[in-house]
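Report on the following structure.
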C-alpha cells in the first residue's frame, strides 16, 4: 500500500467532545494522556495546582518543544496534556495536542483542540499585539481544512498589525483557497508592497492576477522570480506558474520550456532524490500478482452483509482525471455525502498488517484472514467515517473520494463486495500533461509525477492494474469520462446517480455555486468553482510535438477507451 500524499495547493462519531475545561471526574481518563483513570494518575486538579509552580509548566512546555524538534511527537503530546491538566486553556498546549491528533488521522477531534487554541490566541493577541501565534495557528487550521477559523485569525492579525507582510499574505492565501479572489488580490498586493522581493508573496499575487486575466502582469512577476537568487524549490514553483500563464497566452512552446525548467529543478532537490521512486510500482506489481479471481471473490456479499453496515461508494482514478469535479457535483445532491482526500483505506491496510503480521503485501495478508477479520475491517471503516465526518455521513450515500485509491481497488473490492465504484477517466494525453503542470510535493505516490516520463510510466501502471482488476471484482462500477461530463452533463450524471441508487436532482447542475467558499484539498479548487467549460478537453493537441515521446506508452489506453479519434 502506498500512502497517497497530494500536496496542498498552497503548501507547503458521535461522541467527539471539545476539550474539557471543567473539573475532571475521578473515573474519567486522565487528561495527561497516560491512559489511566484520573483517580489512579493525577488525582485532584486542585492538589496539583497547589503543588505546581510556573517554572514547572515552563519546563513541561520546553520538554514538549524539545520532543517535537527530535520528532518524538508522542512525548510532546504527553507534556502538552500535562500542561492542560493545570491550565486547560493554554493555547500552545491546546494547539500541540490538536496538531498531534490531526496527524494521527483524528482530524475532527484535533480540530476541536485547534479551535479552542484559536479562541485563546485571539484573546492573548488582542492584549499583547503579538500576531506570531495568530499566523502560526491560522496556517495550521488552513492546512487541516478549517478555512473559516483560519480566515478569522488572519483577519485579526491584519487588524492588529496592518503593516505585517506575513499577515497580509496569510489573509490572501485564506481568501484564495475559498475563491474570494478580489479580496485575496487586495491582501496580496499589500503583502507585495511591504515585501516587494519576496518570492512567496509574488508567486501568490501572480497566481491571483492570472486567475483574473491579468496575464502580462502575472508573467512579468514570475519571470522576475526565476531570474533572482532564490531557493531552487521557489524558482521551480515560479516556472510551473509561468507555464500556466504562457499556456493561457497561447505560447505553448515557451510554456513547455518552462515546465522542463521546473522539472529539472525539482529533480535536483535533495528531498526529491531521497524518495523511493520504485515503491509505488512495487506495490502495484504485488497487487496485480496477488489479486486473482479467487481472492477477489473469496467473501460474498451475502456472507459479509450480515453486519448490516451501510453500502459504501468509492470514487477514484488517476490524478487529474476529474475526481474533484465529480466529487463536487455529487456533493451538491442532498442525499449524498462526499469526502475529500482522506486516509481511510490506508488506515485499513495498516490494520490488516497488524491483524496478520504481513506488511507491504495486501493480497498475501488477505489470504491470512478469516471472515471475522474482514468484518472487523468493515466495522473499523465505518467507525472511522463517523469519527471523521460525523453521523450525518452514515445517513446519506457516502462517497469515499481518493484519486489514487485505484491502486487499492482490489483491496476495496474484496472487503466491500456490495459497494460500488466510480472510476474517473480522461484522455490519457490530457491527464499526463495536466499532471506535469501541477505543483506536487514529492512523496512515494507523487515523486514520479515531477517528470513527464515518470507521469506516463505511473499512468500505465495504474491503468494496467485497473483494466486487469475490473474483469473480476464484485462491486458494480461505472467508468466516468470527463469529456462526457462536459458534453452531456445530465445524461452522464443520471447514469451516475442510478449506480448510487439516488434520484436525479436538477440542483446538481449548480454544483459550482456550492464549491465557492468551500475548502477543497486538491489543486482543482479554483476550477471546480466555475461552471463546466470545454477548454480542458483535448488540450494535449497544443503540445503534440512535445508529448510524442510518451504516446507509445499511452497508446493502449487511448485505444481501449476510444480516444483514438480525438
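Given 5 Å bins starting at zero, what is the percent of C-alpha pairs of the stretch 330-384 in each, up to the one with the largest pair distance?
4, 18, 25, 19, 13, 9, 7, 5, 1
Evaluate E = 1/(1 + (r/R0)^6) for residue 249 and residue 494, where r is the Cβ-Cβ distance and R0 equals 30 Å; express this FRET efficiency to the nearest 0.05. Kindly include the intermediate steps, with their values, before the conclusion.
Numbers: r = 38 Å, r/R0 = 1.28.
Rounded to the nearest 0.05, the efficiency is 0.20.
For the stretch 279-560, compute Rg over Rh where Rg is the Cα radius of gyration and Rh is the Kirkwood radius from the inverse mean 1/r over Cα pairs. Write down the numbers at each step before the final one.
Numbers: Rg = 18.5 Å, Rh = 19.5 Å.
Over the Cα atoms of the stretch 279-560, Rg/Rh equals 0.95.
For the pair residue 300/residue 124, report the inter-label distance in nm, with labels modelled 7 Å from Cα in the Cβ direction.
6.1 nm
For the pair residue 132 and residue 367, what calculated FRET efficiency results from E = 1/(1 + (r/R0)^6), where r is the Cβ-Cβ distance and R0 = 56 Å, to the nearest 0.05? Could you put the intermediate results ahead of the total?
Values: r = 53 Å, r/R0 = 0.95.
Once rounded, the FRET efficiency stands at 0.55.
For the stretch 253-303, max minus min Cα coordinate along each principal axis, in Å, sorted largest first?
That works out to 57, 28, 17 Å along the principal axes.
Quick one: compute the contact order of the stretch 279-560, relative version, from alpha carbon pairs under 8 angstrom and 6+ residues apart, as a percent. Before the final figure, lay out each step's value.
Values: 386 pairs, mean separation 80.0, N = 282.
Across the stretch 279-560, relative contact order equals 28 percent.
Can you give the FRET efficiency for residue 534 and residue 467, using 1/(1 + (r/R0)^6), R0 = 25 Å, r = Cβ-Cβ distance, to the nearest 0.05?
Details: r = 27 Å, r/R0 = 1.09.
Given R0 = 25 Å and the Cβ-Cβ separation, E is 0.35.
Given the rule -39500 (n - 2.57) for each run of at least 4 DSSP H residues, summed and divided by the residues of the chain, what is its mean residue ellipticity at 222 nm, to the nearest 500 deg cm²/dmol? Before the final figure, lay out each step's value.
Values: 29 runs with 326 residues, N = 566.
Helix-only estimate at 222 nm: -17500 deg cm²/dmol.
What is the extension gain from residue 65 to residue 180, computed as 0.36 nm multiplied by their sequence separation minus the C-alpha to C-alpha distance, in nm to one decimal? Show your work: numbers first, answer last.
Details: separation 115, 0.36 × 115 = 41.40 nm, distance 3.59 nm.
Here the answer is 37.8 nm.
Going by Cα centres, the stretch 341-415 and the stretch 148-173 are how many Å apart?
One Cα centre to the other: 39 Å.
Give the average over all directions of the projected area of the C-alpha convex hull of the stretch 179-236, one decimal, in nm². Show your work: numbers first, answer last.
Details: hull surface 15.2 nm².
Computing the convex hull of the Cα atoms and averaging its projections yields 3.8 nm².
What translational D, rounded to a whole number of µm²/s, comes out for the chain from Stokes-Einstein when the hydrodynamic radius is the Kirkwood one over Cα pairs, at 10 °C and 1.306 mPa s? Mind dumping the intermediate values first?
Details: Rh = 25.5 Å.
It diffuses with D of about 62 µm²/s by this estimate.
If the chain between residue 74 and residue 193 were fully stretched, how many nm would it gain, using 0.36 nm times the residue separation less the Cα-Cα distance? Walk me through the numbers on the way to the answer.
On the way: separation 119, 0.36 × 119 = 42.84 nm, distance 4.20 nm.
Fully extending the segment from residue 74 to residue 193 adds 38.6 nm.
At 0.36 nm per residue, minus the direct Cα-Cα distance, what do residue 104 and residue 391 gain on full extension? Give it in nm, one decimal, please. The partial results should precede the final answer.
Values: separation 287, 0.36 × 287 = 103.32 nm, distance 2.04 nm.
Answer, rounded to one decimal: 101.3 nm.
Can you put 333, 367 in order, fewest other beta carbons within 10 Å first?
Values: 333 23, 367 14.
The fewest-first ordering by Cβ neighbours comes to 367, 333.
Read-outs throughout are calculated quantities, based only on the coordinates presented, and are distinct from any laboratory measurement. Quantities reported herein were computed from a predicted structural model and do not represent experimental measurements. Using ideal geometry, Cβ is built from the backbone for each residue, glycine included, and neighbour counts are taken over all protein chains shown.
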